[in-house]
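Here the structure is laid out as structure tokens; the discussion comes afterwards.
The values are calculated or read from the model by the stated rules, or taken from the named source; none is laboratory data. From a predicted model like this one, the values you see are computed outputs, not experimental measurements. Note that each Cβ is placed from the backbone with ideal geometry, even for glycine, and that neighbours are counted across all protein chains shown. Accessible surface areas use protein heavy atoms only, side chains included; no ligands, DNA or RNA. Shrake-Rupley method; radii C 1.70, N 1.55, O 1.52, S 1.80 Å.
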Amino acid sequence: MNQPLSVPASVDPIAAPVMAIEPMNLADKNRQLEQLLAKLQEASPMSEERRAAPSADVRFESQLAMVRLGIASSLFFSLRAKHVATAAHSLRVALSCSAWAHRLGLDESLRDRIEVASLLHDLGKIGIPDRVLRKPGKLTVEEQLTMDCCSRLGVEILRGCTHDNELLDIVLHANSWFDGRRHGDGPRGDALPLGARMLAIADAFDAMTTDHVYRSALSRERAIQELAKGSGTQFDPELVLDFSSMLEDRPELLQGVVVDRWLKQLQSDSELSIWNSGSNHKHVGVVTGAGQDELFLNSLVGKLKDGVVFTDSEGTITRWNDTMQHLTGISCDAIQGKAWSNETVRLRESDSSRQQDSCIVTQCLRSSSSIQRKMVIEQPGGISTPVHVQVTPVTGTEPGCLGTVIVIRDVSDEANMRQKLDSLHQQVTRDPLTGIANRAYFDEQLTLLTSRAKAGGPTFSLIICDIDHFKRVNDVHGHPAGDEALIRFAEILESHSRDGDLVARYGGEEFLLLANNCDNATTTKRAEVIRAALERTPLPSLGNEAVTASFGVTEYQAGDTAETILARSDRALLKAKDNGRNRVIQLGSGNRPNETAETTKRGWFAWFDGSEIEKNSEFDILTPVPTALAIEKLRGFIADHDAEVIHVTENQVSIKVNAVCTTGGRRRVDHQIVLNAQLTLSEQKRSDSAIPAVRNWGGTKVHVTIRPIRNRDRRNRALKPCIVQLVSSLKSYLMGEIFSDSDVS
């Protein structure tokens, strides 16, 4: 869904094309907003209502909405009928704000208002025309101004069922910037309602960590970095720091910790006092499960190796299977409800000299005839995948099309890959108990994928998981029961793997899943699905009880080696266990596309030649996060690189990093270069004198000096790539950029 104000202005325009517009003349803009607000009463008609029975997620969402909204729950259901993705986003933001409000110790009445405002902060999108709300591409200036009316329109709708001005103010100012830049005539700084300042941060965080058509979801740490960049301008700096600390200390807080508070009130006789009248619903009628035909259809479409897409009579996408996500890199959550577009899917004619035809879905709907064509899907990174496309109209007893079915088959030559897979020696590469890959084969593939990603190839992520309290299973039920648990867990992991993934047993009850061409955010969602599936699987040898597992997730990032990736995922796994087990924890900022090429082009190590190493191995890293958070990231770097802390002062740390990269040689001592890195941390502050309410805020400057410990390594040809790799890794862990002294002074 389009989120005009939920992504910080510092985000790259390619990653978020729908951005805040620089203010024009304020009077002219207000005049245009008034005109557009009047036009919104003539919004375009909604698409035909979905006939499928509601899923479990929708039923759960309905329960939570009924609890918090009472008589106004129909408003939330109306928003969901208008645009499912917007309603789902609002629910996630409400859960985040509720957990955060509990952490801050806010009183119940304020917490109630913040929760309800979060659930309904996008209510104004009911009045946005479908052609704008469902547009898959970048918005025009007029369309952006239309989206800017959402908050005011939502408040006008809410006035019909509440006179609670505090609640209305939270909704009205949810998109206001902290420094008042976006709405110059409104409140700014601490004058903005606390709930509105919290909602703006949670809204932006969810938008950045959710898949969209125009970009994939950012990792949790990348999103925190963008919030930090917008602190003091778009967001309240103190609240950004507290929100970041909450995610760092207890990331599982946003995974449903406040659900009990909401559901406990389902049978409550009390009413929310913020609503004008009416009785609170005590019972929610729920359709019990999807029909049998729907279950069979979901299973068939989900497991097909071909990409399958359903559209309605207007070309709006209603179904999008996993294979389509693999082919295009666009998730179902991001594309469902949007209009089909060849450009969005990056689908073009295979013959570049041939004129590109119009939209294949539009052609099929107009002609009511099947279309078959050889085309190409442009993959991220410039790789083209040849495909066979078939678009078939769906007709009924009445004239005209009810919609289309699109089937896309990958016809690229996979002979070499199949030959390699067929030639694998099972006894060498497979675990004898579970039948999945063993540790040796996993180590080989992890090294291979790391080398490819370092050379500019596709990114990948790693899931490491460990069955909780496995020793207790063996002690209480016996080793055969433990073996059954291991085998069943391996089967669940394989059933949730994709083509190109690798499932392996690392040893004991530890398993791994290498997710090829998959980023941090997507892999975390997949790990959560696996965790829930294991939790619901009864084991006969355990008396039909189920086991649970903890999961650590990370993605390749610049400067990584196979060892650091494995160490970081293992650290995430340990954090999941420390935080209560049976949960998923994600660490790492993830890979930035073309980061190596961009870094080289900027020339931050262009000065780096053998004769200048002694003199020029000093540089500054500027990160937008505060010093306390930078220190936590540095601790992770030291742990994952197995570094040794040599000396620590108040603001300086000296570390020894072993095995940065191999150099060859006859003796084992010659197979690595050992570097000494001295880091000095200093807080960088900035202030905006025009806004007294804004406290000083900035980031952290880390001055780094790197030297080889052994004198003979100073003349080693491998020293330069070793230092470059170490610098890249430090930059990734600290979520910063490299600057000269003149840039940060």
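In this rough spin-label picture, where each label sits 7 Å from Cα along the Cβ direction, the residue 77-residue 542 distance is 3.9 nm.
You can think of it this way: the chain between residue 574 and residue 350 has 75.8 nm of extra reach, that is 0.36 nm per residue less the Cα-Cα gap.
When each of the peptides 121-127, 508-514 is scored by how many other beta carbons lie within 10 Å of its residues on average, the order from highest to lowest is 121-127, 508-514.
Label positions at residue 388 and residue 181, each projected 7 Å from the Cα along the C-beta direction, are separated by 5.3 nm.
Towards the positive end of the charge dipole of segment 67-127, with charges on Cβ (+1 Lys, Arg; -1 Asp, Glu), say which of 100, 120, 89 has the farthest Cα. Positive-end residue among those listed: 89. The orientation-averaged shadow of the Cα convex hull for segment 492-569, equal to a quarter of the hull surface, comes to 5.7 nm². Look at where the Cα atoms of segment 529-552 and of segment 423-501 average out, and the two centres are 16 Å apart.
The Cα-based radius of gyration of segment 180-231, divided by its Kirkwood radius, gives an Rg/Rh of 1.05. Among the protein heavy atoms, those of residue 320 account for about 10 Å² of accessible surface (1.4 Å probe, every chain in place).
Note on residue 326: accessible area is roughly 90 Å² with a 1.4 Å probe, heavy atoms of protein only.
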